Amino acid sequence: MTVTPAPALGAPLERVESREKVAGEARYAYEYGGDDLAYAWIVGATVARGSVRAVHAPSSPGLIAVLSHSNAPVLRPGGDPELLVLQSPAVAYRGQVVALVVAESLEEAREAARLVRVEYDAEPHDVLLRPDHPKLYKPDKVNPAYPTDTEHGDFDAAFAAADVRVDATYETPALHNNPIEPHATTAMWDGGGVTLYDATQGAAAARGPLADVLGLEPEQVRVIAPHVGGGFGSKGTPRPNAVLAALAAKATGRPVKLAVTRQQMFKLTGYRTPTIQRLRLGASADGRLKAIAHEVAEQSSTLREFAEQTAVATRMMYAGANRRTAHRLVRLDVPTPSWMRAPGECPGMFALESAIDELAAACGIDPVELRIRNEPERAPEEDVPFSSRHLVACLREGAARFGWASRARRRRGPYLYGSGVAASTYPAMRRPARATARELGDGRYEVRVAAADIGTGARTVLTQIAADALGVDAGAVTMQIGDSAFGPAPVAGGSAGTASWGSAVAGACRVLREQRGGEAVHDTAAEIEAEEKYARHAFGAQFVEARVDTYTGEVRVERMLGAFAAGHILNPRTAHSQFVGAMTMGVGMALFEESVLDLEFGDYLNHDLSQYHVPVHADIRDVDAVWLEEEDPHLNPMGSKGIGEIGIVGAAAAVANAVHDATGIRFRSLPLRPDRVLDALERA
Ligand code: MOS
């Protein structure tokens, strides 16, 4: 495959739908439907475990129906248990849907929902992940299909014989995805099936699982999502709202709208599992790794196994002959965790990159230099070549631009300043997709692919890819996305959207150009199946200067720079926004984000943005991202790697490492809350 970047690719095209969005004309899932709409509202369980004994419907103005397990339409069993709503009286977690109210207006639905009375038989619950939980077990695989454990060489012997050892346990809390648009669905049935306007990261990918539970053929379900207000993974799989809206529309014979509230999102739309991670690193005195072990405990629900792939990045980051990774899971009375930006790499690299920093300190070696010394020739566990790997270049370029060599730990008044570094990585994946390109006449073209633009700029970059392949201006191309009717396509997930949809778009447009008009379809399933075996990953290095207030314990990120190598950057404007957005989310993980568990209620207590804190403008001062041009012929027609997630990977470790540099205190549990920092400073 030859990579020929053309001028349209690489240009900082503005978002093609920006006018529509700014003018309020872009329609989101909750903004469809006509005059006969009915409105649904979810009633959630107020016990964390047990069963529903009775649901008492109120008499309330405008009330059309109250659905519960005793009267809801029957779903087809076998699919995702989180989607099998209102089928059983069992309660698996606090907040699980126990009833759905349908009314003539939103206000009437909400009021009736308030008046619904639910009786429960409550049972004792178990919601706390602990490293010695008796029910920890070894899942068969980790998300999506990685081996649960790996073992290479003799870790125990090599660790025991190492000159320098680090043995430390790191903890990350449960984290909740908070896209600006809450999950929502508008559902309408017609003779043949159901149409769902749904806030989803993948209209085509959602169709199958939804058809499954609704007892329909996939062709009878159409999912439409031209605009989506963020996702971070939480909209990567269909959520209860889509099924509930369809059920309510079926039961009432009306089109129905349902939005999950911000509070309900903390129960019903996924989250990042908390993790407890033990890292052991053994090295020679000159900092060369001889032994690496990464062992993880994490949680899932009683409904379904979701096993986060927390230790997978440790399998390919650094050289070293003796290695072990392991994941253990416990099924608790909690909602099912799911994808949240860089599931696996993000929490796992917090632990690994903190431990590497500890090792560098123990060896007395600069942490940039220590990483460079442990650069592997080939992917260490898979034993295949990297398609391209420029971690060292990112470390050097980032260090030069950040001023790493001249950094100075210092104190000014009550403030301590320090600097930290961490590496980033994320797989460069591609999944099968189908695109259709059509000549409209007058030099205009339309291209269809069931992509999702969740705020990333996907529609824009796909327009560029199409224009490039057609050899026309971007303005000549209309990109249609977000409709399951456009054929199979993967979710906007795994940072694989652009590579996946873009390969199909480029293929269809090339064929159209060669055949000089008409319509062309391209499906990438066969070419992806035939790909050669390489370890394909993007890499990066994150540098942080932190300021610690010794009076209040407040940590501020003064400066942050990410240097990334992610193939060809197809649109520097949207790419910069992706990198910086993810780094900002990483600052949130480092300093603010934490879902706080209440053991008695069996639930996360903070469930809105006043108590679940994400960074705001005042928290983000000087964050910047740069990238190296990278030639990699083993990727896709654009030569691109995904960029949606790598920016969050390593970011929290870079912050914690900077705080260690400033204070001499190692923080191994996130977030670095002021009270924790202050306590540690007082004890130091
Ligand atoms: Mo991303 S968490 O793969 O949507």
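DSSP assigns beta bridges within the range 431-523; of those with both partners inside it, close to 75 percent run antiparallel. Taking 0.36 nm per residue of separation and subtracting the current Cα-Cα distance, fully stretching the chain between Glu382 and Gln263 would add 38.6 nm. For the pair the range 306-337 and the range 214-231, the centres of their Cα atoms are 32 angstrom apart.
Look at where the Cα atoms of the range 392-457 and of the range 6-75 average out, and the two centres are 31 Å apart.
For the pair the range 563-632 / the range 107-186, the C-alpha centres are spaced 20 Å from each other.
Stretch Arg304-Ala319 to full length: gain in nm at 0.36 nm per residue minus the Cα-Cα span?
On the way: separation 15, 0.36 × 15 = 5.40 nm, distance 3.53 nm.
So the extension gain works out to 1.9 nm.
Grab the Cα-Cα distance for Lys21 and Asp679, subtract it from 0.36 nm times how many residues apart they are, and report the gain in nm with one decimal. Walk me through the numbers before you get to the answer.
On the way: separation 658, 0.36 × 658 = 236.88 nm, distance 4.60 nm.
Full extension of this stretch gives 232.3 nm more.
Computed FRET efficiency, Cβ-Cβ of Glu31 and Lys533, R0 51 Å: what is it to the nearest 0.05? Please report the intermediate quantities before stating the final value.
Details: r = 45 Å, r/R0 = 0.89.
Given R0 = 51 Å and the Cβ-Cβ separation, E is 0.65.
Report, in deg cm²/dmol and to the nearest 500, the calculated mean residue ellipticity at 222 nm for the chain, where each DSSP H run with n ≥ 4 adds -39500 (n - 2.57) and the sum is divided by the residue count.
So the calculated ellipticity at 222 nm is -7500 deg cm²/dmol.
Please tell me the relative contact order of the range 68-110 in percent, rounded to the nearest whole number, where contacts are Cα pairs under 8 Å and at least six residues apart. Over the range 68-110, the number comes to 36 percent.
Using the Kirkwood formula over every pair of different C-alpha atoms, what hydrodynamic radius in Å results for the range 449-605? Could you put the intermediate results ahead of the total?
Numbers: mean 1/r = 0.0527 Å⁻¹.
Hydrodynamic radius (Kirkwood, Cα only) of the range 449-605 equals 19.0 Å.
Annotation: amide H of Asn571 within the under-5 Å range of Gly10, sequence separation 5 or more or interchain, hydrogens built in the peptide plane. Here Thr478 sits with roughly 50 square angstrom of accessible surface, probe radius 1.4 Å. 3J(HN,Hα) couplings calculated from phi for the range 490-502 with the Karplus curve 6.51 cos²θ - 1.76 cosθ + 1.60 (θ = phi - 60°) are, in sequence order, x, 5, 6, x, x, 6, 10, x, 4, 5, 6, 5, x Hz; Gly and Pro show x.
Carbon-plus-sulfur fraction of the accessible area of the range 1-96, 1.4 Å probe, in percent? Don't skip to the answer; put the middle values down first.
On the way: 2600 of 4910 Å².
For the range 1-96, the apolar C and S fraction of the accessible surface comes to 53 percent.
Take 652-660, 327-335, 378-386, 193-201 and order them by the average number of nearby Cβ atoms within 10 Å per residue, most first; the result is 652-660, 193-201, 327-335, 378-386.
Roughly what % antiparallel, to the nearest 5, for the DSSP beta bridges in the chain? Display every interim value, and only then the final one.
Values: 95 of 126 bridges.
Approximately 75 percent, going by the DSSP bridge assignments.
Expressed as a rounded percentage, what relative contact order does the chain have, with Cα pairs under 8 Å and six or more residues apart? Please report the intermediate quantities before stating the final value.
On the way: 1848 pairs, mean separation 114.7, N = 684.
The value is 17 percent.
Each peptide in 614-622, 44-52 gets a packing score, the mean of other Cβ atoms within 10 Å over its residues, and the list from highest to lowest is 44-52, 614-622. In this simple spin-label approximation, Ala168 and Thr252 carry label points 7 Å from Cα along the Cα→Cβ vector, and these lie 5.4 nm apart.
Over the chain, the fraction of Cα-Cα pairs per 20 Å bin, rounded to whole percents and listed from the shortest bin up, is 18, 50, 29, 3. Return, ordered by residue number, the residues of the range 282-322 whose backbone nitrogen is under 13 Å from a label point located 7 Å along Cα→Cβ of Ala161. Correct set: 283-284, 290-291, 321-322. Packing order of peptides 129-141, 207-219, highest average first: 207-219, 129-141 (average count of other Cβ atoms within 10 Å over each peptide's residues). Among the listed pairs Lys138/Lys641; Lys135/Lys235; Lys235/Lys257; Lys290/Lys641; Lys533/Lys641, those with a Cα-Cα distance over 27 Å are Lys138/Lys641; Lys135/Lys235; Lys290/Lys641.
The values are calculated or read from the model by the stated rules, or taken from the named source; none is laboratory data. Source: prediction; values computed, not measured. Cβ: placed from backbone, ideal geometry, glycine included. Neighbour counts: every protein chain shown. Keep in mind that these areas ignore ligands, DNA and RNA; they rest on the heavy atoms of the full protein, side chains included. Shrake-Rupley method; radii C 1.70, N 1.55, O 1.52, S 1.80 Å.
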